[in-house]
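Inspection log for the structure reproduced underneath, given as structure tokens.
Only the coordinates and a few stated rules stand behind these numbers; no lab work does. Every value quoted in this text rests on a predicted model; they were computed, and no experiment measured them. For neighbour counting, all protein chains shown are included, and Cβ atoms are generated from backbone atoms with ideal geometry for every residue, glycine included.
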Amino acid sequence: MELVSNINFLLGILTVASQITIALIIAMLVFQKEKLDSLLKKYALPISFAIALAAASGSLFYSEIAGYDPCKLCWFQRIFMYPQTILLGIALWKKDYKIALYSLILSLMGAAIAGYHYLLQIGIATALPCSAVGYSASCSQRFVMQFGYITIPMMAFTGFILIALLMGLYLIRTLMPQLGLKPRLSAQDNSRK
């Protein structure tokens, strides 16, 4: 199916771009905090919404159009991503950045499941076996392998981590100071005062 291979390639590219973005955000956190704060204020919420929307759309494409039956762990990941599409969409519409804490928690829980699922698929994790249940596929079955390492759980893991990073940094660097709460500062931040 040419459509499926094209979508696999597109989602693979988006995953790599997201992984590069994660690395850039971490580098900016170390070297350009003020610039990062400015970018977070403008783009953390819209980018997080776009990631959640792309992840939900991708998972629905795989199950409803490509015909891949989601496994038990895929369902758990969907539980943590699908609501974010709606919540982040409403928050974006209302410009309500207080969603950051809720999104951070959902993303960290989803990332833990997606990370375990990825390790299971590549053969590293075997402690908790996940076999087919009812109409679902086995959790160790790989439907997608792009660029030699990107599977559907890696796509989900990357999306969850990027949302968690954006929302967590927004919460710590922008929202907490606005609410009069002081995050723990590093020694470098303390030396500037």
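The coefficient of translational diffusion for segment 2-180, derived via Stokes-Einstein from the alpha carbon Kirkwood radius under 37 °C and 0.692 mPa s, stands at 195 µm²/s. On the basis of the beta-carbon distance and an R0 of 45 Å, K98 and V30 show a calculated FRET efficiency of 0.95. Under 11 Å from a point placed 7 Å out from the Cα of T21 along the Cα-to-Cβ direction: which residues of segment 27-62 have their backbone N that close? Flagged as within label range: 43-55. Evaluate E = 1/(1 + (r/R0)^6) for Y82 and V4, where r is the Cβ-Cβ distance and R0 equals 22 Å; express this FRET efficiency to the nearest 0.05. According to the calculation, E is roughly 0.55. As a length-normalised measure over Cα pairs under 8 Å and 6 or more apart, the relative contact order of segment 2-180 settles at 33 percent.
Given in Å, the Rg to one decimal and the Dmax to the nearest whole number for the Cα atoms of segment 1-64 are 14.8, 47. Once both labels are positioned 7 Å from their Cα atoms along Cα-to-Cβ, the gap between I105 and S63 label points is 2.4 nm. Pairs from the table (K33/K98; K33/K95; K35/K95; K41/K72) lying more than 27 angstrom apart at Cα are K41/K72.
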